[in-house]
1. Quick one: work out Rg over Rh on the C-alpha atoms of region 7-150, Rh as Kirkwood radius.
2. Return a whole-number percent for the relative contact order of the chain, with Cα pairs under 8 Å and 6 or more residues apart as the contact set.
3. Could you sort the peptides 89-100, 9-20 by per-residue average Cβ neighbour count (10 Å cutoff), highest mean leading?
4. Mind giving me the nanometre distance, one decimal, between the label points for S148 and S19, set 7 Å out from Cα along Cα→Cβ?
5. Based on DSSP, what percent of beta bridges with both residues in region 30-140 are antiparallel, to the nearest 5?
6. What full-extension length gain, to one decimal in nm, is calculated for A85 and A121 as 0.36 nm per residue of separation minus the Cα-Cα distance?
7. Give the carbon-plus-sulfur fraction of the accessible surface of the chain in %, rounded to a whole number; probe 1.4 Å, heavy atoms of protein chains only.
8. For region 5-150, report the accessible area per residue in Å² (1.4 Å probe, heavy atoms, rounded to an integer).
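The values are calculated or read from the model by the stated rules, or taken from the named source; none is laboratory data. Keep in mind the model is a prediction, meaning the values are calculated, not measured. Glycine also receives a Cβ, built like all others from the backbone with ideal geometry; neighbour counts cover every protein chain displayed. Quick note on the areas: whole protein, heavy atoms, side chains included, nothing else; ligands and nucleic acids left out. Shrake-Rupley method; radii C 1.70, N 1.55, O 1.52, S 1.80 Å.
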Amino acid sequence: MNDAHLDDYDVVRPVVIDSSKHLLLLIPSEPEQETCWTLPTVPMRSGETCRRAATRHLRSVVHLPALRIAPLVGRLSRRDAPQGAQYVLVVRPTAEGWPPYVHFALAPEARWWTTTELRSAGVQVEPAELLDFMDGYWGGWLPDGEVSLE
């Protein structure tokens with residue numbers, strides 16, 4: 001599926017995390033500029049769940065090892081395609097931690113951040129609701145299941 005048809009589909013935005021350090025792995029939206037940090041955007045195939053799409057992408061395309069997807073799902077409208085939805089999923093390894101190459105596998109420019117670092121530095125993040133979502137995940141105050149981030 002090419003990016004030209006991305007606006008025809010719902011997408012999933014996996015958040016690769018390091019639970020022990022409360023880190024999330026983000027990629028620059030423009031690799032040369034690093035003005036906004038974001039998540040990968042994975043198109044969902046017809047009939048595919050957001051969890052399955054994230055697993056397909058992270059295992060088959062990015063070649064990450066076994067992973068676990070948290071039961072919490074954030075749902076947002078797509079600003080670039082008003083008829084579509086985007087789902088934010090938290091992904092962690094099933095083992096002790098990610099292999100050292102995990103940030104290179106996601107994108108060569110990927111970087112680990114804490115929500116505190118992102119806020120303190122005034123870094124722009126897309127989706128903008130990501131920091132509150134992750135703080136809710138780390139703090140345990142968001143319930144399992146699908147929650148609206150609107």
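1. On the way: Rg = 14.2 Å, Rh = 15.4 Å.
In region 7-150, Rg relative to Rh is 0.93.
2. RCO, the chain: 30 percent.
3. 9-20, 89-100
4. 3.0
5. The antiparallel proportion sits near 75 percent.
6. Values: separation 36, 0.36 × 36 = 12.96 nm, distance 2.91 nm.
Extending this stretch completely gives an extra 10.0 nm.
7. C and S atoms contribute 48 percent here.
8. Numbers: 7480 Å² over 146 residues.
For region 5-150, the solvent-accessible area averages 51 Å² per residue.
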